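Read-outs: derived from the displayed coordinates by stated rules, not from any lab. This structure is a prediction, so every number in the text was calculated from the model and none was measured. All Cβ positions, even for glycine, are placed from backbone atoms using ideal geometry, and neighbour counts span all protein chains on display.
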Amino acid sequence: MTSRVVTVTLNPALDVTYRVKALRVGETVRVPEVRTRAGGKGVNVAAVVRQLGADSLVLALTTTATPDEFRAGLDELGLAHRLVPALASVRRTIAVVADDGATTMLQENGSPAGDRAEAAITAVLTDELRAGAGAVVISGSVPAALDPEVPARLARLCAAHGVPVIADVSGAALRAAASSGAVLMPNSDELAELVDDGRVEDLVAGGAAAVVATAGPDGAIAVTARGSWRARPAEVVEGNPTGAGDAAAAALALHLARSGGDVDWPAALADLVATSAAAVLRPVAGEIDRGARARWIPLTTVEETR
Ligand SMILES: Nc1ncnc2c1ncn2[C@@H]1O[C@H](COP(=O)(O)OP(=O)(O)OP(=O)(O)O)[C@@H](O)[C@H]1O
Ligand SMILES: [Mg+2]
């Protein structure tokens, strides 16, 4: 059995961080320091998987233009990748961080995907499923001109190959993925949009492999056909919650991969809550504090709720 985790990112990004003294609306601001990093949720997941000591592979759409800064960014992070050129450009997310710590995010939607994007990413994923994947994580938004049902179709493909799959998507893509056989990982807002009466059990009856609903500092719940559990973090962490959900997905993907889908849920939930809290400690999405994670796993409380 392989524990290699394959991540799928349909809407990649270049995460740009501007450090400024102060940001005042309507004024010209000097930017003495700029950092650019390959981003998108699947990239963060792959980076955390690697920090957890396992192999990861990034499958993503990228730009048809050259040079491809996104590809160069993945190389700089040392992440293995297979990319499908299908976008006029890779969108930027700009984080403007002021000296007092205040952060303003500007997020582009990205350019529409070309006609062949779905066929091409499906072919690459099929190839990797045949080569052997322990688990697949499909995360993030879907670019314009791509059907919001694409994540659900890719999830069904994984399920048909017997490979456990996590869908960390939102809105119409989450509604479509709900019956795909994927493990769903909505945060509180995404869950509220999906089930207004809060009946998470119905999602499992309706074709989700399981639902892991994350709730920021309150931790996470797992609802499965075999039972339900709640885990709370050992400590509420002050820090950068962006990418905490991606760290949670990375931790769960490894449990899925190592158990062939037959997860020890209380252990997996404790791990994902500790790993994601350890991500909040790090200022950059896609990184975890491994010492804190190791300390927190045994201190994370898990209770059965059904
Ligand atoms: N302040 C915090 N202290 C401790 N743990 C936290 C904190 N914030 C988040 N977490 C952990 O991270 C997990 C995921 O957080 P959250 O529900 O905010 O995900 P998210 O909104 O999907 O994040 P993102 O999409 O930015 O990666 C939570 O289940 C929890 O275990
Ligand atoms: Mg999330």
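Charges at C-beta only: +1 for Lys and Arg, -1 for Asp and Glu. How large is the resulting dipole of the chain about its Cα centre, in Debye rounded to 20?
Magnitude of the dipole: close to 540 debye.
Test of understanding: in a Gaussian network model of the chain with alpha carbons linked when under 10 Å, which of V142, V195, V169 would top the mean-square fluctuation ranking?
So, out of V142, V195, V169, the one fluctuating most is V195.
Measure off 7 Å from each Cα along the Cα-to-Cβ vector at V29 and D202, then give the distance between these two points in nanometres to one decimal.
4.3
Where nothing but the Cβ of Lys and Arg (+1) and of Asp and Glu (-1) is charged, how large is the charge dipole of segment 230-306 around its Cα centre, in debye to the nearest 20?
Roughly 60 debye, rounded to the nearest 20.
Step through the residues of segment 266-276 one at a time and calculate ³J(HN,Hα) from phi using the Karplus curve (6.51 cos²θ - 1.76 cosθ + 1.60, θ = phi - 60°), rounding each to whole Hz and writing x for Gly and Pro.
Each residue of segment 266-276 in turn: x, 5, 5, 5, 4, 5, 5, 6, 5, 5, 6 Hz.
Spin-label point model (7 Å from Cα, Cβ direction): what's the K21 to D218 distance in nm?
Placing both labels 7 Å beyond Cα along the Cβ direction yields 4.3 nm.
How would the chain be classified by its alpha-carbon gyration tensor: rounded, prolate or oblate, with rounded meaning a/c under 1.5 and the a/b versus b/c comparison settling the rest?
Verdict is oblate for the chain.
What are the radius of gyration and Dmax of segment 23-127, computed over its Cα atoms and given in Å?
Final numbers for Rg and Dmax: 16.3, 51 Å.
How would H161, H255 line up from fewest to most surrounding beta-carbon atoms within 10 angstrom?
Result, fewest neighbours first: H161, H255.
Using the per-residue mean of other Cβ atoms lying within 10 Å as a proxy for protection, in what order, highest first, do the peptides 218-231, 93-106, 277-290, 69-82 fall?
Ranked by mean Cβ neighbours within 10 Å, highest first: 277-290, 218-231, 69-82, 93-106.
Would you mind ranking T300, T275 by Cβ crowding within 10 Å, fewest neighbours first?
Going from least to most buried by this count: T300, T275.
Given H placed on each backbone N at 1.01 Å, which residues far from V165 in sequence or on other chains put an amide H within less than 5 Å of it?
Under 5 Å from the amide H of V165: V136, V183.
Could you please rank L203, L129, placing first whichever residue has the fewest other Cβ atoms within 10 Å of its Cβ?
L129, L203
Would you please give the FRET efficiency between D189 and A131, computed as 1/(1 + (r/R0)^6) with r the Cβ-Cβ distance and R0 = 35 Å, to the nearest 0.05?
So, using R0 = 35 Å, E works out to roughly 0.45.
What's the FRET efficiency of R92 with R290 using the Cβ-Cβ distance as r and R₀ = 41 Å, to the nearest 0.05?
Calculated value: 0.90.
Quote to one decimal, in nm, the extra length available between A160 and A145 on full extension: 0.36 nm per residue of separation minus the C-alpha distance between them.
2.8 nm
For segment 190-268, compute Rg over Rh where Rg is the Cα radius of gyration and Rh is the Kirkwood radius from the inverse mean 1/r over Cα pairs.
Rg divided by Rh gives 0.96.
Quick one: what do you get for segment 177-228 if you divide its Cα Rg by 2.2 N^0.38 Å?
My calculation over the Cα atoms of segment 177-228 gives 1.02.
Any idea how far apart Q107 and L299 come out in nm if each label point goes 7 Å out from Cα toward Cβ?
Taking the simple label geometry, Q107 and L299 are separated by 3.1 nm.
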